[in-house]
1. List the chymotrypsin sites (Phe, Trp or Tyr not before Pro) within the stretch 295-339 that fall in a DSSP loop (any state other than H, G, I, E or B) and whose Cβ has at most 10 other Cβ atoms within 10 Å.
2. With all protein chains present and a 1.4 Å probe, how do Met17, Met298 order by accessible area, largest first?
3. Subtract the Cα-Cα distance of Ser140 and Ala6 from 0.36 nm times their separation in residues, and report this length gain in nm to one decimal.
4. How do Lys192, Lys279 stack up against each other in accessible area, from largest to smallest, with a 1.4 angstrom probe?
5. Post the alpha-carbon centroid distance, the stretch 115-159 to the stretch 81-95, in whole angstrom.
Amino acid sequence: MPERVASEVLSAMVGGMFSASALYPLEVLKTRMQAEAKPSSNPQEETVTNETSSTASNNNDETESNSTTNEKQTLKNQYTHAATEGMSSYASLMYQHEGGIAPFYAGVGTSAVQSATEKALYFFAYTFFKNGYVNLTGSSNIGTISNLILGCMAEWSHLPVTLPIDCVTTAIQTDDKNRGAFVLLGNILSEKGIGGFYKGIQAYTVLCLKPAIQYTVYEQVKKIVLATRRVNRAAAAGGGRSSAIVVEDESLGAAEAFLLGMVARVVATMLTYPYLRAKVMLQSTYGNAKVKPTIPQMISEQFSEGGVWGLYQGIGPELTRGVFSAALMMMVKERIGVMVRALIDGREEQQKQLINNRGR
């Protein structure tokens with residue numbers, strides 16, 4: 001049993017790190033588009049107003065200062081409008097004004113560590129709770145509701161460790177001064193204390209359902225696929241089966257895992273996205289506000305300002321990144337899991353052979 005748990009944790013950790021690193025530019029786009037608030041006015045109108053106020057100033061230093069401030073505000077408004085237009089417009093603006101491709105990889109190391117830690121702890125906790133459930137009930141058949149509850153418990157169990165890393169990663173991605181991880185970490189700690197690392201945790205009352213929904217959909221459909229495969233192969237083989245076939249029957253093929261991971265992620269993301277955006281805004285846009293709105297207040301404000309699209313601003317890169325990330329992670333996880341289980345089964349077979357030889 002410990003070997004099986006180690007197999008789940010190791011394969012999830014490697015899969016999570018690989019998928020997070022491979023699709024990181026989409027993660028940056030998603031986070032920054034989610035963090036953008038509604039602009040005060042049209043960027044072109046803002047430019048005209050700013051130029052007029054700068055011309056009216058008599059002091060040269062003050063004029064230069066106002067001009068710089070006005071340019072920053074105009075650019076900020078352009079970013080905000082680009083976020084409502086789509087990820088290609090936002091990506092083009094980032095590339096043009098922030099020095100090429102570098103900003104798309106700001107914080108990639110921190111994100112990889114966060115993803116690997118999150119996936120490893122989640123699957124360790126989920127496997128632990130699942131085994132406990134099986135031992136308690138005496139049944140290995142876990143229903144959909146039970147799977148959701150186990151998934152929620154597993155999600156909450158890793159938040160004390162992973163939410164601070166997530167907060168720092170978000171700060172790196174949305175920082176317009178290009179400060180490093182340690183500087184931002186120090187700023188959060190000095191300004192807000194330990195509580196600063198847990199901004200947006202209230203959103204997890206709903207967000208804890210996201211991985212639970214995703215992995216429940218994945219596991220339930222996987223169970224159906226594997227059961228069908230076993231029945232078909234048993235009928236075709238007529239009884240005799242090797243350990244290699246047994247191992248293969250307990251995992252999906254790469255293409256199967258990829259497609260099933262995509263479907264599961266789409267379902268989970270669409271159901272929980274408004275809360276995900278609210279969490280990011282609490283960690284960035286409202287990060288230093290003295291009075292922060294509640295998650296329901298933020299969702300209501302987003303809906304009143306932009307309708308349904310306001311709730312789903314940034315959904316493009318989130319779905320693209322999330323779907324391929326989940327698909328890649330599940331594909332890598334399944335393949336690594338097969339290799340680890342094959343090694344474990346091979347070692348157990350060797351031990352049995354040694355025992356039999358000694359018995360002779």
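1. none
2. If we order Met17, Met298 from most to least accessible, we get Met17, Met298.
3. Separation in residues times 0.36 nm, less the Cα-Cα distance, equals 46.3 nm.
4. Lys192, Lys279
5. 39 Å
The values are calculated or read from the model by the stated rules, or taken from the named source; none is laboratory data. Here the structure is a predicted model, which means the values were calculated and not measured. For neighbour counting, all protein chains shown are included, and Cβ atoms are generated from backbone atoms with ideal geometry for every residue, glycine included. The protein model used for the area step is the full one, side chains on, heavy atoms only, and it has no ligands, DNA or RNA in it. Shrake-Rupley method; radii C 1.70, N 1.55, O 1.52, S 1.80 Å.
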